[in-house]
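The values are calculated or read from the model by the stated rules, or taken from the named source; none is laboratory data. Predicted, not measured: the structure shown is a model, and the values here were computed from it. Ideal geometry is used to build each Cβ from the backbone, glycine not excepted, and the neighbour counts take in all protein chains shown. With ligands, DNA and RNA removed, areas are computed over all heavy atoms of the protein, side chains included. Shrake-Rupley method; radii C 1.70, N 1.55, O 1.52, S 1.80 Å.
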Amino acid sequence: MKNPEVQTRREFCLNACQAASLFAISGALSALLQGCSSDDPLSSNAQNLSKIQATAVNGTVTLNIDANSPLATVGSAAQVQYGGNTLLVARTAQDTFAAVTAVCTHQGCTITGYGNQVYTCPCHGSQFDTNGQVKRGPAGSALRKYQAQFANNQLTITVS
Ligand code: FES
């Protein structure tokens, strides 16, 4: 004959064990996820880049960089759009900028993400440094780089 009290204790133990193992799994998972976000040097926490509209005159894009510009601070970056083209421009030092094409060398998507000096393509996650060098595939080649000069708060990028 069944003892209802024993049965209840068994059920309790079984439930407790299941709950404990679920708890352990979720704890391990959250530790793993935390490890991914904080320890991975290529985890860029990419944000969408600000956009700057510009025009190209005689193969040159000229931008005025004032205190309100998305490029006002060292370490910042922005998309610069001109005549149907898009550049990625990063301020790498007070007077130094790096300009590369925003067209990903993998399958041609426009790169929109940036964080921790790393650009991230939204299509398959390729990552590039501010000079366009590949940090992570699937892209296999660097972004084309353009000459950029800065003087008197004016940034001049040669795009021809
Ligand atoms: S097109 Fe950029 S990663 Fe595939």
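Data for the structure
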| quantity | calculated |
| --- | --- |
| Any hit, the stretch 113-121, residues being open to solvent by less than 60 Å² (accessible area, probe 1.4 Å) and of a type in the set (S, T, N, Q) | yes |
| Hey, ALA99 within 16 Å of the chain's Cα centre (by Cα) and open to solvent by less than 20 Å² (accessible area, probe 1.4 Å) or not | no |
| Residue count for the stretch 91-122, restricted to those that are touching a Leu at 6+ places or on another chain (Cβ under 8 Å), farther than 19 Å from PRO138 by Cα and either within 16 Å of the ligand (Cβ to nearest atom) or of a type outside the set (Phe, Trp, Tyr) (or both) | 2 |
| Qualifying positions in the stretch 92-130 - among the hydroxyl-bearing types (Ser, Thr, Tyr) and over 25 Å from ASN64 (Cβ atoms) | THR105, THR120, SER126 |
| Hey, VAL74 modelled with pLDDT of 95 or more and surrounded by 17 or more Cβ atoms within 10 Å (Cβ to Cβ) or not | no |
| Close pairs from the stretch 74-94: first assigned to a strand (DSSP E or B), partner aromatic (Phe, Trp, Tyr) and surrounded by 16 or more Cβ atoms within 10 Å (Cβ to Cβ), Cβ under 7 Å, at least 6 apart | ALA77/TYR114; LEU87/TYR146; LEU88/TYR119; VAL89/PHE97; ALA90/PHE97; ARG91/PHE97 |
| Leading residue by the ranking (farthest from the chain's Cα centre (by Cα)) among those in the stretch 50-71 that are free of Cβ contacts under 8 Å to residues at least 40 places away in the same chain and crowded, with 16+ Cβ neighbours inside 10 Å | ALA54 |
| Single match in LYS135, LYS145 (criterion: at pLDDT 95 or above and within 13 Å of the chain's Cα centre (by Cα)) | LYS135 |
| Search result, residues across the stretch 123-142 that are more than 10 Å from the ligand (Cβ to nearest atom), open to solvent by less than 20 Å² (accessible area, probe 1.4 Å) and farther than 18 Å from SER50 by Cβ | GLY132 |
